[in-house]
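Computed from the coordinates by the stated procedures, all read-outs in this text should not be read as laboratory data. What you see is a predicted model, and the numbers here were worked out from it, not measured in a lab. All Cβ positions, glycine included, derive from the backbone under ideal geometry; neighbour counts span all protein chains shown.
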Amino acid sequence: MSFSPRIAVFDLDVTLTEYDTFLPFIIGYLRYHRKRRSLWLWRLPLSLLKFWRWGDRTWLKTTMLRAFLGGEPRDRVAEWTERFVDDLLVEAMREQGLAQLREYQRQGVRVILASASFDVYVQRIAEKLEIHEVLATRVAWNSRGRLVGMDGENCRDEEKLRRVKALDGIPESGEDVAAYSDSHADLPLLSWAEHGVAVCPSKRLFHQVGGLGLDVVRW
């Protein structure tokens, strides 16, 4: 079925990219700044052990962010972000996903990037892709400009939908909205949008596609 939206909301990880971006961002930072590599010896295994015990993704993201980037200055993080984003855009983007994004932009469709990943690099990705509206999990900085953790809620599940609907000019009903995501965590968003599209869906999402009337694409 052909659908011409007025608004298109794109998830980032595994929807426009070929893989999740958070761990590569963290790992790349540790490699880029050799003095922080020793943290791998104990902080990462401890974080993963607690995650497998409790299964809280928000807790894990916050813990890993603090463990590996906690106390780092804004300019140093920004320097790595620029390198990371440039490499990501060259090596890890889904070509068909970008083509769909570009086509919407060409048509004048309002494009929104909504990601559970951290704004510290999602915002830069959006700028490079000429996307002017961005929703992401926010990083917190202290008064000295050093990273201290996560600011507010994890931008996923119902929280992502809440933030999308809070933007100016977004219809409460989801009419004229197309939404793209690979993850079951975005079911609230996909179900709300008039046209929900499961992109290379996870197994958990794929099992729910039919009952929700979602389209499936494999970019």
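Observations on the model:
- Packing order of peptides 173-183, 89-99, highest average first: 173-183, 89-99 (average count of other Cβ atoms within 10 Å over each peptide's residues).
- On Cα atoms only, tilt of 95-107 relative to the major axis of the chain in degrees: 60 degrees
- Zero-based 5 Å bins, Cα pair distances in the chain, whole percents: 1, 7, 14, 18, 19, 16, 11, 7, 4, 1, 0
- Over all directions, the projected convex hull of the C-alpha atoms in segment 117-219 averages 7.8 nm² in area.
- Derived value for segment 167-208: Kirkwood hydrodynamic radius 10.5 Å. Basis is the mean of 1/r over every pair of different alpha-carbon atoms.
- The ratio of the alpha-carbon radius of gyration of segment 57-103 to the globular-protein estimate 2.2 N^0.38 Å is 1.57.
- Crossing angle, helix 43-54 versus the chain [Cα axis fit, 0-90 degrees, rounded to tens]: 50 degrees
- Mean Cβ neighbour count within 10 Å, used as a protection proxy, ranking 116-122, 103-109, 132-138, 19-25 highest first: 116-122, 132-138, 19-25, 103-109
- In terms of the mean number of neighbouring beta-carbon atoms within 10 Å, the peptides 2-13, 145-156 order highest first as 2-13, 145-156.
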